[in-house]
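Visitor: I am attaching a structure below and will ask some questions about it afterwards.
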Amino acid sequence: MPQGKSRAAARGRHSLATLAALALVSAARANEARDAAADLERLLSTEISGASRYEQPLAEAPASASVLTAEDFRRHGFRDIGEALQTMRGVHLSQDRVYGYMGVRGFNRPGDYNSRIVMLMDGFRANNPIYDQAMIGGEAPLDMDWIKRLEFVPGAVSANYGGNALFGIVNAVRWNGADIDGTRVALDAGGGHARRASLLSGGRLAEGGDWLAGVVAYDRDGEDLYFPEYRVAGVSDGIARGRDGERQVKTLLKGSWNQWSASFTFAERVKDVPVAYYGTLFDAAGNSVEDREYHLDLVHTSQPRPQLSQLLRFHLGSYAYEGRYPYADSPYRDEARADWLSLDSQWQWTGWRDHRLLAGLELRDYRRLEQRAYAVAPRQVDLDDRHRGHAAGAFLQDEWRIAPGWLANLGVRVDHQSDAATITSPRGALIWRPSATLALKWLAGRAFRAPNDYERHYGDGGATQRGNPDLRPERIRSQELGLEVTPSESLRLGLGHYRYRIRDLIELRTGADGLWVFDNRPAVRARGWEAEAEILLGAGWRLRGNLAWQALDHPDGAPVNMPRRLGKLLLDGPLPFLRATLGLNLQAVGPRRTLQGRVDGYVTGNLVLRQQGDPRQGIWSLALYNFGDKRYRDPVGDELAPIDALERDGRQWRLRWEIGF
């Protein structure tokens with residue numbers, strides 16, 4: 001091995017060892033906690049709703065799930081969902097300066113659009129049906145100020161949520177008006193001439209129920225970026241000047257009255273593209289993408305009988321994408337549009353002793369699925385694909401308390417989707433919980449992902465890519481063992497081992513005709529270990545950390561964009577002498593392979609200092625992201641050639657002022 005690679009690997013091992021040493025030192029201090037009973041209650045009281053579609057203790061959920069709260073968001077200054085998710089075990093992020101991509105348990109192929117994760121907002125599915133994309137960056141229709149709790153449930157969970165839930169679900173539980181009961185205003189300023197304003201207001205209604213309204217506006221000019229791959233003597237110096245800007249507008253309306261609740265979410269984002277996407281002109285004006293979507297959600301809950309509850313949901317969604325690409329001969333447009341509506345019903349029955357039965361039916365009608373690709377002047381249409389589709393699923397789940405300390409969770413779902421086979425997805429979990437402080441879990445399940453509209457039909461007239469309508473659905477089988485233990489009043493530990501196998505994996509490849517095409521690949525197998533710890537240090541300080549060791553056997557050899565080791569550390573607590581709180585977030589990611597080579601591992605971190613005091617008087621916070629100014633890169637797909645890996649941002653800052661009244 002070359003010396004440079006040896007040193008990089010040694011640095012990665014040293015970084016992970018440092019994180020582990022910090023956790024051990026802090027564990028020794030855990031006995032200094034002042035209020036043991038309160039600490040134990042805090043560690044054991046976490047609840048989750050995404051694992052089984054209803055609220056339950058984290059220890060009884062049929063998953064090795066992770067949860068973050070709004071207080072965590074404030075103390076660590078997470079700017080989007082992705083930054084929060086990357087602190088969770090087995091998760092790593094990458095980005096191409098347009099979208100954020102989420103890797104789970106070693107899988108994050110360049111060119112994928114987070115289509116193997118289901119994104120939920122208050123329980124409804126937010127993935128759009130063109131790309132099946134779970135939005136996690138600035139493109140997401142959610143703002144962090146709107147989220148009360150963020151849950152990540154890893155594993156094959158199609159038994160509950162149908163297609164795309166190969167690697168898990170992300171559930172964002174948003175605030176209700178009664179939670180806010182007032183008005184919150186936040187003003188941000190940051191690097192790259194970033195400006196942001198947020199207003200969130202809510203309260204209770206006199207006749208019962210509540211209301212909530214929020215609006216966010218964000219604008220960033222962007223900075224000059226240097227790309228050596230585009231440096232050509234006499235043509236370009238490789239600098240994209242002010243081409244990384246971004247503009248966002250997001251709104252939320254939400255309310256409840258008696259047995260009804262409703263929400264409306266709208267988001268629009270325009271992102272300048274600083275790289276030469278698909279061979280476009282580098283450093284040219286007008287290179288941008290726009291995402292626009294809205295969700296209207298209406299829910300009715302009732303209880304026809306004391307032991308029977310019912311939920312009926314009507315959802316209307318719309319998504320539109322426009323890519324504006326400058327070429328030497330003509331501007332080019334990529335456009336996509338999807339309109340859909342869904343009807344979900346769910347019944348929960350507890351009349352059978354020691355059982356909690358859940359049954360449901362979901363119907364989705366894709367009223368519009370459109371993709372267009374064309375040159376503007378002279379006009380030349382390369383793709384004009386328009387059709388409709390549908391999907392239907394029925395599921396049944398039983399939470400069965402077999403005996404004292406024993407809990408079984410069994411579920412099965414049948415899904416049918418237009419242009420895809422009918423698929424059955426079972427899931428089983430056996431949980432042994434002999435005491436409130438110990439839980440041992442065995443989990444097994446199957447999941448699937450049907451090829452999406454983009455993979456089946458997108459083509460640009462034979463220039464770079466063609467569709468493949470004969471794609472088969474991906475299928476996964478997974479097994480997992482998990483141990484969760486709270487050995488003291490201030491320490492919680494978790495350990496997990498998983499294995500999974502994917503067949504008919506859909507990947508973007510170069511076909512015999514030289515064009516990119518999505519194709520089914522041979523089976524992929526993966527395995528890994530995950531460990532985490534949460535320690536209450538006393539005086540309001542908390543330390544959380546996790547480690548992951550993961551391996552993936554891919555038909556092409558070493559998998560692209562898969563770090564074998566991950567390490568995360570979060571430390572937060574009060575600084576009385578400054579009347580502030582400190583939040584420290586460290587990330588250690590091992591080396592990864594790219595399409596052409598490799599990138600080194602890295603350790604980076606964020607630091608947040610937040611004023612304590614009365615929100616009615618205003619609170620200041622200062623965040624430094626990548627405070628060590630670490631230079632590191634992410635693997636990217638062929639669409640950015642000749643670039644093989646993109647450098648991430650160096651040190652960034654954000655100054656935030658919040659007031660509540």
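The values are calculated or read from the model by the stated rules, or taken from the named source; none is laboratory data. The structure presented is a predicted model; accordingly, all values stated were derived computationally and were not measured. Methodologically, a virtual Cβ is constructed for each residue, glycine included, from the backbone with ideal geometry; neighbour enumeration extends over all protein chains shown.
Visitor: Checking the conditions here, which among Ala512, Ala533, Ala523, Ala463 is surrounded by fewer than 18 Cβ atoms within 10 Å (Cβ to Cβ) and farther than 27 Å from Ala558 by Cβ?
Guide: Values: Ala512 fails: farther than 27 Å from Ala558 by Cβ; Ala533 fails: surrounded by fewer than 18 Cβ atoms within 10 Å (Cβ to Cβ); Ala523 fails: farther than 27 Å from Ala558 by Cβ.
Sole residue among the options that is surrounded by fewer than 18 Cβ atoms within 10 Å (Cβ to Cβ) and farther than 27 Å from Ala558 by Cβ: Ala463.
Visitor: Okay, next question. For the range 192-221, give me the residue count where each residue is surrounded by fewer than 19 Cβ atoms within 10 Å (Cβ to Cβ), among the small types (Gly, Ala, Ser) and touching a residue at least 40 places away in the same chain (Cβ under 8 Å).
Guide: Total satisfying the criteria: 4.
Visitor: On the basis of being out of contact with any Pro (no Cβ under 7 Å at 6 or more places or on another chain), within 19 Å of Asp221 (Cα to Cα), assigned to a strand (DSSP E or B) and modelled with pLDDT of 95 or more, does Glu268 make the cut?
Guide: On the way: out of contact with any Pro (no Cβ under 7 Å at 6 or more places or on another chain): yes; within 19 Å of Asp221 (Cα to Cα): yes; assigned to a strand (DSSP E or B): yes; modelled with pLDDT of 95 or more: yes.
The answer is yes for Glu268.
Visitor: Is it the case that Gly214 is outside any loop (DSSP other than H, G, I, E, B) and in contact with a Phe, Trp or Tyr (Cβ under 9 Å, 6 or more places away or on another chain)? Talk me through it step by step, then tell me what you get.
Guide: Numbers: outside any loop (DSSP other than H, G, I, E, B): yes; in contact with a Phe, Trp or Tyr (Cβ under 9 Å, 6 or more places away or on another chain): yes.
Criteria met by Gly214.
Visitor: Is it the case that the range 632-648 has a residue that's free of Cβ contacts under 8 Å to residues at least 60 places away in the same chain and either within 30 Å of Gly496 (Cα to Cα) or of a type in the set (S, T, N, Q) (or both)?
Guide: yes
Visitor: Do we find a residue being more than 28 Å from Gly628 (Cα to Cα), buried (at least 17 other Cβ atoms within 10 Å of the Cβ), touching a residue at least 60 places away in the same chain (Cβ under 8 Å) and of a type in the set (A, V, I, L, M, F, W, C) anywhere in the range 541-548? Working first, answer last.
Guide: Initially, the range 541-548 is screened for residues more than 28 Å from Gly628 (Cα to Cα), giving none.
No: the range 541-548 contains no residue that is more than 28 Å from Gly628 (Cα to Cα), buried (at least 17 other Cβ atoms within 10 Å of the Cβ), touching a residue at least 60 places away in the same chain (Cβ under 8 Å) and of a type in the set (A, V, I, L, M, F, W, C).
Visitor: Here's another thing I want to ask about it. Just the residues that are assigned to a helix (DSSP H, G or I) and either of a type outside the set (A, V, I, L, M, F, W, C) or buried (at least 24 other Cβ atoms within 10 Å of the Cβ) (or both), please, taken from the range 66-83. Show your work before the answer.
Guide: Going residue by residue through the range 66-83, those that are assigned to a helix (DSSP H, G or I) are 70-76, 81-83.
Scanning the range 66-83 gives Glu71, Asp72, Arg74, Arg75, His76, Ile81, Gly82, Glu83.
Visitor: Read through the list (1) surrounded by fewer than 17 Cβ atoms within 10 Å (Cβ to Cβ); (2) closer than 27 Å to Leu142 by Cα; (3) hydrophobic (A, V, I, L, M, F, W, C), then give the number of the only condition that Val289 fails.
Guide: Of everything listed in (1) surrounded by fewer than 17 Cβ atoms within 10 Å (Cβ to Cβ); (2) closer than 27 Å to Leu142 by Cα; (3) hydrophobic (A, V, I, L, M, F, W, C), Val289 misses just condition (1).
Visitor: How about the range 448-477: which of its residues are touching a helix residue (DSSP H, G or I) at 6+ places or on another chain (Cβ under 6 Å) and assigned to a strand (DSSP E or B)?
Guide: Phe448
Visitor: So which pairs qualify, if the first residue must be in the range 62-77 and under 29 Å from Ala408 (Cβ atoms), the second must be surrounded by fewer than 21 Cβ atoms within 10 Å (Cβ to Cβ) and of a type in the set (Ser, Thr, Tyr), the Cβ gap must be under 6 Å, and the two must be at least 6 apart or on different chains?
Guide: Cβ pairs passing all conditions: Val67/Thr46.
Visitor: Same structure again: Kindly indicate whether any position in the range 222-244 is charged (D, E, K, R), at pLDDT 95 or above and surrounded by fewer than 21 Cβ atoms within 10 Å (Cβ to Cβ). Break it down stepwise before answering.
Guide: As a first pass, look at the range 222-244 and keep what is charged (D, E, K, R): 223-224, 229, 231, 237, 241, 243-244.
Right, trim to at pLDDT 95 or above and you get none.
Checked the range 222-244: no residue is charged (D, E, K, R), at pLDDT 95 or above and surrounded by fewer than 21 Cβ atoms within 10 Å (Cβ to Cβ).
Visitor: Continuing with the same structure: Would you say Gly138 is modelled with pLDDT under 95, closer than 26 Å to Val98 by Cα and within 12 Å of the chain's Cα centre (by Cα)? Explain how you work it out, then say what you get.
Guide: Values: modelled with pLDDT under 95: yes; closer than 26 Å to Val98 by Cα: yes; within 12 Å of the chain's Cα centre (by Cα): yes.
In short, yes.
Visitor: Here's a follow-up. On the basis of being within 22 Å of Glu474 (Cα to Cα), among the small types (Gly, Ala, Ser), in contact with a helix residue (DSSP H, G or I) (Cβ under 8 Å, 6 or more places away or on another chain) and touching a residue at least 24 places away in the same chain (Cβ under 8 Å), does Gly111 make the cut? Spell out the reasoning first.
Guide: Working: within 22 Å of Glu474 (Cα to Cα): yes; among the small types (Gly, Ala, Ser): yes; in contact with a helix residue (DSSP H, G or I) (Cβ under 8 Å, 6 or more places away or on another chain): yes; touching a residue at least 24 places away in the same chain (Cβ under 8 Å): yes.
So Gly111 fits the description; yes.
Visitor: Give Gly138, Gly106, Gly123 a once-over and let me know the one that is touching a Leu at 6+ places or on another chain (Cβ under 6 Å) and of a type outside the set (Val, Ile, Thr).
Guide: Values: Gly138 fails: touching a Leu at 6+ places or on another chain (Cβ under 6 Å); Gly123 fails: touching a Leu at 6+ places or on another chain (Cβ under 6 Å).
Exactly one residue qualifies, and that residue is Gly106.
Visitor: Still on this structure: Please specify each residue of the range 84-102 satisfying the condition of being in contact with a Ser or Thr (Cβ under 7 Å, 6 or more places away or on another chain) and either not in a loop (DSSP other than H, G, I, E, B) or not charged (D, E, K, R) (or both).
Guide: Met88, Tyr101
Visitor: Within the range 188-202, track down each residue that is under 13 Å from Gly660 (Cα atoms) and more than 25 Å from the chain's Cα centre (by Cα). Explain how you work it out, then say what you get.
Guide: Looking only at the range 188-202, we keep the residues that are under 13 Å from Gly660 (Cα atoms), and these are 198-202.
Selection gives Ser201, Gly202.
Visitor: In the range 505-517, is there at least one residue being within 28 Å of Leu481 (Cβ to Cβ) and at pLDDT below 95? Before you say what the answer is, go through the steps one by one.
Guide: First pass over the range 505-517, keeping only residues within 28 Å of Leu481 (Cβ to Cβ): 505.
From what's left, at pLDDT below 95: 505.
Yes, there is a match, as at least one residue in the range 505-517 is within 28 Å of Leu481 (Cβ to Cβ) and at pLDDT below 95.
Visitor: Tell me, please, whether a residue that is among the polar types (S, T, N, Q) and closer than 22 Å to Arg477 by Cα can be found in the range 532-553.
Guide: Of the range 532-553, the ones among the polar types (S, T, N, Q) are 546, 550.
Going one step further and asking which of them are closer than 22 Å to Arg477 by Cα, we end up with 550.
Yes, there is a match, as at least one residue in the range 532-553 is among the polar types (S, T, N, Q) and closer than 22 Å to Arg477 by Cα.
Visitor: Would you confirm whether any residue within the range 556-579 is buried (at least 19 other Cβ atoms within 10 Å of the Cβ), farther than 30 Å from Thr183 by Cβ and of a type in the set (Asp, Glu)?
Guide: Within the range 556-579, not a single residue is buried (at least 19 other Cβ atoms within 10 Å of the Cβ), farther than 30 Å from Thr183 by Cβ and of a type in the set (Asp, Glu).
Visitor: In this structure, does Ala189 turn out to be in contact (Cβ under 8 Å) with a residue 60 or more places away in the chain, surrounded by fewer than 22 Cβ atoms within 10 Å (Cβ to Cβ), in contact with a Leu (Cβ under 6 Å, 6 or more places away or on another chain) and more than 24 Å from Arg475 (Cα to Cα)?
Guide: Yes; evaluated as a whole, the condition is true for this residue.
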